[in-house]
Structures are given as C-alpha cells and as structure tokens.
Amino acid sequence: MRKLIFALCMLGLFVSTAASAQTSKDWITGLPREAIPVKAWPGGKKVAVCFVLYVEVWGHDHGPNFRPDMGDRKPDLVDEAFRQYAINWGVPRVGRLFKDMGAPLSLALNAQFPEQNQEVWKTLRALVPAAPIIAHGLNNSTDLLPLDKGADAQRAYIHQTLDMIEKSTGVRSLGWSSPSVYPNAETFAATAAEGIRYSLDGMDSDVLSRLGTQPKPLVLLPYPPTVVDMGQYLSRFKEATDLERLWIDYVGELAREATAEPNREATVVAIGIHPFVVGTPAGAAAMRRVLESLKKMNPVWLTDVEQTLKAAGEKL
C-alpha cells in the first residue's frame, strides 16, 4: 500500500513538473518556448523583483519630449533640458538611492552613453559596481536596430553594441534589451547568435521561459510593459506617486497569490525605470517608498536580473 501511495505521489510530482515546463510555440518568433519552472527563490521567496535602470542617450533634437507642443522650436530648450537633467542629475541620483537603500539594481545601457558622458558613467558605476550591464543598443533614437535590413545586419549591430560596451566598461554583456523597445522576430535569433544569454524583450509572462534559439537557447525574463515608468509617465500622464502605487500593488498582488497558493511556481518581474521619472527629487522620494514597502513583503526577493537567472539554475 505504501509503495502504491509513493508511486502515485511521484507520478503527481512528475505531472506537475511536466505541466509547468510545457513547450509551446512562441507567438513572435515561431520557435519552441519552454517555461522554466522555479519552485521558490533563495530563502523560500516566491516573487523576484528586478529594477532595471535605463541609461540612455539620444542626441540634440531627439528623445522624449516633456512638452510636445514645443517640439517645433529650434532650439527646444525645455525638452533638451528635460533630457539633459535626466543624464546629469537623474542617473547619479538613482544610483545613490539604490546604494543607500542596499537594493540591487540592473543597468540597461546604450553603448554610446559611457563615451558621451564619461563622468556620469564613472559616478554611476562607482555607486552600483555589482549591477549587471544589459546591452541596450547604440542609442535610443538615431541608431536603432536595422530591422528592415535582415538578420545579418542585426547581428552586426548587436556585435558593435557589445564591443562598444565592453571597451567602455570592461563587461561583455550577456543580456539584451532592444533600444526604444523595438525588436522584431529576427532580433531574438540574432542576439542569441552573438552570445546573448537572456533578453528583456519577452514582455508577456510572469515566469521565466527558454526560447529555442541557436546555438543556445535564449532565456526570456518577464518585462511587462504595464509597469515601465516611461510609458506611464509620457503616454498616460502618470506621476511618480501614481507609479509608486502601481508597483506596490503589482508586486503585492503577486505576493498575495503566492501566499494563498504556496505550491504555485515562483514568479519574476523586471521593472523598467528611467531617470526622467525616478531621477527627479520627487521621483526618488516615491522610489524610496516603493523599496521600503517591498522590503516588508515576506514573499518578495529584491534582486538583479543575473542573480535571478543563476537562482533558476541558468549558467551564465
């Protein structure tokens, strides 16, 4: 009888694991995509939260506009100042905040940023020396992925991005986030072919998954568009205090679900933040309150993107 019960338990465990690791067809690329089942994160945590700071450049007359009604002005001093403040003051302020709070941070870096803003980059890197560097293209406006020129052109662009980042920072990035959130189906294969191991271009899940690219699979780390501050701020006119509530509610509900159903798989969310929003004094105050609140949620693990993947058993 005990042997029968044991066999049934093992069968149930197998079915549960197999179900959680089912392979499907990715809707963008058409490639096989398999969920990566994680029972729990380190310390028994159930919700991994990674804040990703976007460190970007655009060039004069390019980039986000705080006042679209002034876009035709030459020079557009208001919007240029909006962008330049984010670089000179916002980026270091976010670095100081995460250092002060003892919270992990990940960096999505335009390859041209360290060359164009050497002192700012030096300051940021000194504040968060352990932050993983995710390649984020050359810049965020005039040098985007050549989506209309085929896979080889994308590979060349990605290779150039990785080379420039390595030259400026000493780090060969293993992660990718497409500039201006603008990839296509070929981008996933091109990044994998250039040695990228994980991507933030997968925005449709609460769990890690593995995309069947060659020569190695590409891990997709959930980066839901609904929690990225920039879209909420510029397109939906949300202030930092609105995002404070959004982030606390979003993570809090994942934590509540995990507590209510302890056997469900562990979840993960990468939250994109920008110095325009959380790099202002008011934005930093809201970001500080978010970190304080998340630290009090027992199921939540504040971490970075690469520690998350390592905890899931991925070898980077």
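The values are calculated or read from the model by the stated rules, or taken from the named source; none is laboratory data. Everything numeric here is computed off the predicted structure, so don't read it as measured data. Cβ placement follows ideal geometry from the backbone for every residue including glycine, while neighbour counts extend to all protein chains displayed. Protein only, heavy atoms only, side chains kept; ligands, DNA and RNA dropped before computing areas. Shrake-Rupley method; radii C 1.70, N 1.55, O 1.52, S 1.80 Å.
Some notes on this structure:
- Scanning segment 79-104 for residues that are over 28 Å from E292 (Cα atoms) and open to solvent by 60 Å² or more (accessible area, probe 1.4 Å) yields a total of 1.
- Scanning segment 230-253 for residues that are within 15 Å of L294 (Cβ to Cβ) and buried (at least 21 other Cβ atoms within 10 Å of the Cβ) turns up L243, W247, V251.
- D206 acidic (D, E) and closer than 25 Å to I271 by Cα: yes
- Only one of the listed residues (A185, A103, A130) is over 30 Å from V300 (Cα atoms), modelled with pLDDT of 95 or more and hydrophobic (A, V, I, L, M, F, W, C). That residue is A185.
- Matching residues in segment 110-148 - criterion: being assigned to a loop (DSSP other than H, G, I, E, B) and farther than 16 Å from I158 by Cβ: N117, V128, P129, A130, A131, P132, S141, T142
- Every condition in (1) out of contact with any Gly (no Cβ under 8 Å at 6 or more places or on another chain); (2) open to solvent by 60 Å² or more (accessible area, probe 1.4 Å); (3) not charged (D, E, K, R) holds for T123 except the one numbered (1).
- Total residues in segment 149-163 satisfying the condition of being open to solvent by 60 Å² or more (accessible area, probe 1.4 Å), over 27 Å from Q118 (Cβ atoms) and in a helix (DSSP H, G or I): the figure is 2.
- Just one residue in the set V91, V49 is farther than 28 Å from A312 by Cα and among the β-branched types (V, I, T); that residue is V91.
- T259 being hydroxyl-bearing (S, T, Y) and either open to solvent by less than 40 Å² (accessible area, probe 1.4 Å) or within 19 Å of I133 (Cβ to Cβ) (or both): no
- Within segment 273-291, tally of residues that are in contact (Cβ under 8 Å) with a residue 60 or more places away in the chain and open to solvent by 10 Å² or more (accessible area, probe 1.4 Å): 5
- Scanning segment 53-61 turns up no residue that is at pLDDT 95 or above, out of contact with any helix residue (DSSP H, G or I) (no Cβ under 7 Å at 6 or more places or on another chain) and open to solvent by 40 Å² or more (accessible area, probe 1.4 Å).
- Any chance T191 is under 23 Å from A131 (Cβ atoms) and touching a Phe, Trp or Tyr at 6+ places or on another chain (Cβ under 9 Å): yes
- Test set (1) touching a Pro at 6+ places or on another chain (Cβ under 6 Å); (2) surrounded by fewer than 20 Cβ atoms within 10 Å (Cβ to Cβ) - A185 fails condition number: (1)
- Restricting segment 164-198 to residues that are outside any loop (DSSP other than H, G, I, E, B) and without any contact (Cβ under 8 Å) to a residue 12 or more places away in the chain, the residue that is farthest from I28 (Cα to Cα) is K167.
- Scanning segment 67-84 for residues that are part of a helix (DSSP H, G or I) and free of Cβ contacts under 8 Å to residues at least 24 places away in the same chain yields P68, D69, M70, L77, V78, D79, E80, A81, Q84.
- Yes/no for G279 being at negative phi and modelled with pLDDT under 95: no
- Condition check for E115: without any contact (Cβ under 8 Å) to a residue 40 or more places away in the chain and either over 23 Å from H60 (Cα atoms) or open to solvent by 10 Å² or more (accessible area, probe 1.4 Å) (or both): no
- Listed conditions (1) open to solvent by 40 Å² or more (accessible area, probe 1.4 Å); (2) over 17 Å from the mean Cα position of the chain (by Cα); (3) of a type outside the set (F, W, Y) are all met by T226, apart from (2).
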